[in-house]
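What follows is calculated from the coordinates using simple rules that are stated; it is not laboratory data. In this text the structure is predicted, and so the values were computed from the model without any measurement. Please note: Cβ atoms are built from the backbone with ideal geometry, for glycine as well, and neighbour counts cover all protein chains shown.
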DNA sequence: CTGTTAGCGCGTTCAC
DNA sequence: GTGAACGCGCTAACAG
């Protein structure tokens, strides 16, 4: 490994000068600078990022801690983050907490120990470790889910409104017994989407029946199981609102497996974009989120906070959009 | 930030002893160790990973450089990597090269500068930077695609065989003019899957028609465009083999949009698992890869190489499996 | 078993 | 505009 001293010697200057050339901060005599650059080229010098980070006690890395790498929602969001980060001179490393507070904790610790420049995180609910980041003074932006009692920048969507829209649509479509499969109680998104569902029912003068509500895990299997369980009800529901993409897919799988016709016997509407939703037969009615924008916005906020750490925390809410397709029209 | 010296002072020992306790390497008197641990607790000491890395000139991080974070194939693979890494005491950071050699280059540079402990990479074809890693002596495992002229550990699937299987199945199903949409020429997977397609045709005594072959980008749009182009042929193909998951979806979208009935007018078989392939109507025939295992194997190989850097490079090939569904049965 | 010493490679004072 | 010197926080030698 060639160090800054090797370059300095080879160019006949001091290490300080090489450092200046590398970082382009203070001005260096053009002739010298050229000599240094040439020496760097000949020796194939690569600055040691670790040493630099130690010295500056700062890295140029952002950690993005998401809760399910298998969910296209998060991966799409990451693209938005990446594009902004790139331009701002940061690299993005992705960490998958898998909805597990313990795993999340490990990544938070790593981010802290590795002196990451910033963190974008979708907290894994109650046991989340975001506060540790905040207390340590690390720039943080929370995405997708509201953290409890921590003042941080957040980027969310209008979950309640979106859920209300979807449920309202099912009501208008003429469904009578509309069920809801929402996510884990500990997650704000699950609670908000459930609330939107309830609000839509009440707005239509309907009764909210707790026996038609299920709390699942935001995954395919959970959606499947919840749907299966709902179908055992008597009378059974004639429509279902699923609170995220994977659970919607799970619910549909269950209905297909049981030979229940969509949308004639059971109507379906889901929250969240579903890749190739239009290829599934029937095509699926969804509440779409501006996923890429979500990531972009979070990244923008993070960049701002890094340059201006004392700025008061801000909350951005982006809007969802209902896409009516075949699964909810009978 | 509390340092190891703060802890040492507080516990009345030397920094070296604290270091020993933290790393549990050489043995320390239990009483002392306890005192140190207590001091660490009271001061909320977190070891500075950056300083440690500088000293050891090694991190505990693996970089996984994939070429499309939007492709479920790669994200599923990453789960396999993660599970192994976790157990071996490494953290995984994910980098998305987006099939762009320049972006890949940036991440490779970062991995080098940051002294990553190892790298798992799916090279972005011709302009790949894997050799830089190898030359620098960084443990590397190449996944999914064959690198050219570099001796590294690799984990692949039997692309040619799988493609042959799928194409052979289309032939047996009675299709006459079978087209192929494969990936970029520069990628070994694209070439191998194309070869499998050709081999199946020849094995059945059919002629390989170049006008029925398209090179696309391994993405949805590419598959769509290629299919659209193929449909303009006269006579048009009556079946298509698409060389990866996203392109299969794209091709199907195109067929649906143009009102071409699957599998009656055009049969479809695709390489690679497709999430909810069984929900799409008609359900899609696919050649499934052991995605998780692929990641797991790569991680295992990487761990081995790290502990035993001089071991000769090995190549592992995993097997694919044909899943016949409705899209190819007429 | 424990403490002392000496860097890892770099950026940043501070003189000149 | 440039160089010498110091130290970021830690761990690997070496003595003791």
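Got the relative contact order for chain A handy, in percent, Cα pairs under 8 Å and 6 or more residues apart?
Relative contact order, chain A: 17 percent.
Please express the Cα-Cα pair-distance distribution P(r) of the range B:1-160 as a list of whole percents, one per 5 Å bin, running from 0 to the bin with the greatest distance.
Bin by bin from 0 Å, the calculated values are 2, 8, 16, 16, 14, 10, 8, 8, 8, 6, 3, 1, 0, 0.
Stretched out fully, how many nm does the piece from residue A:46 to residue A:260 gain, at 0.36 nm a residue minus the Cα gap?
Answer, rounded to one decimal: 70.8 nm.
If you build a Gaussian network model of chain A, linking Cα atoms that sit under 10 Å apart, which residue out of A:166, A:303, A:136 swings the most?
Largest GNM mean-square fluctuation: A:136.
Provide the percentage of antiparallel DSSP beta bridges, counting only those with both residues in chain A; round to the nearest 5.
Bridges in chain A that DSSP calls antiparallel: roughly 10 percent.
Take the Cα radius of gyration of the range A:198-245 and divide it by 2.2 N^0.38 Å, with N its residue count; two decimals is plenty.
So the range A:198-245 has a normalised radius of gyration of 1.20.
Take the alpha carbon atoms of the range B:107-158, find their center, do the same for the range B:179-246, and report the distance between the two centers in whole angstrom.
First find each Cα centre; the distance between them is then 28 Å.
Say we join alpha carbon atoms closer than 10 Å with springs in a Gaussian network model of chain A; which of A:207, A:87, A:44 then has the biggest fluctuation?
Answer for the Gaussian network model of chain A: A:44.
Per q in 0.06, 0.09, 0.11 1/Å, what log10 I(q)/I(0) does a Debye calculation on the alpha-carbon atoms of the protein assembly as shown return?
-0.39, -0.86, -1.18
Percent of alpha carbon pairs in the range B:4-47 separated by more than 16 Å?
18
Under the definition of partner shielding as Cβ atoms of other protein chains within 10 Å of a residue Cβ, what is the mean value for peptide A:265-276?
Going residue by residue through A:265-276 and averaging, the value is 2.
Helix B:291-307 versus the longest principal axis of chain B: what angle, 0 to 90°, nearest 10, using Cα atoms?
Value to nearest ten degrees: 40.
Mean-square fluctuation check for chain B, GNM, Cα pairs under 10 Å: which of B:214, B:232, B:25 is largest?
Looking only at B:214, B:232, B:25, the biggest GNM fluctuation is shown by B:25.
Distance between the C-alpha centers of the range A:293-327 and the range B:2-55? Whole Å please.
41
To check you understand DSSP bridge types, tell me what percent of the beta bridges within the protein assembly as shown (both residues inside) are antiparallel, rounded to 5.
Taking every DSSP beta bridge with both residues in the protein assembly as shown, the antiparallel ones total about 10 percent.
Report the far tail of the P(r) of chain A, meaning the percent of Cα-Cα pairs longer than 25 Å.
That tail contains 57 percent of the Cα-Cα pairs.
From other protein chains only, count the Cβ atoms within 10 Å of every residue's Cβ in A:76-89, then give the mean.
1
On average, how many beta carbons from a partner chain sit within 10 Å of the beta carbon of a residue in A:50-58?
Average per residue, whole number: 5.
Taking the 0 to 90 degree range and rounding to the nearest ten, how far is the long axis of helix B:72-88 tilted relative to the main principal axis of chain B, both from C-alpha atoms?
For B:72-88 against chain B, the angle is about 30 degrees.
How big is the range B:109-268 by the Kirkwood estimate over distinct Cα pairs, in Å?
16.9 Å is the Kirkwood radius here.
Taking the Cα atoms only, what angle lies between the long axis of helix B:220-231 and the longest principal axis of chain B, rounded to 10 degrees?
Around 10 degrees separate the two axes.
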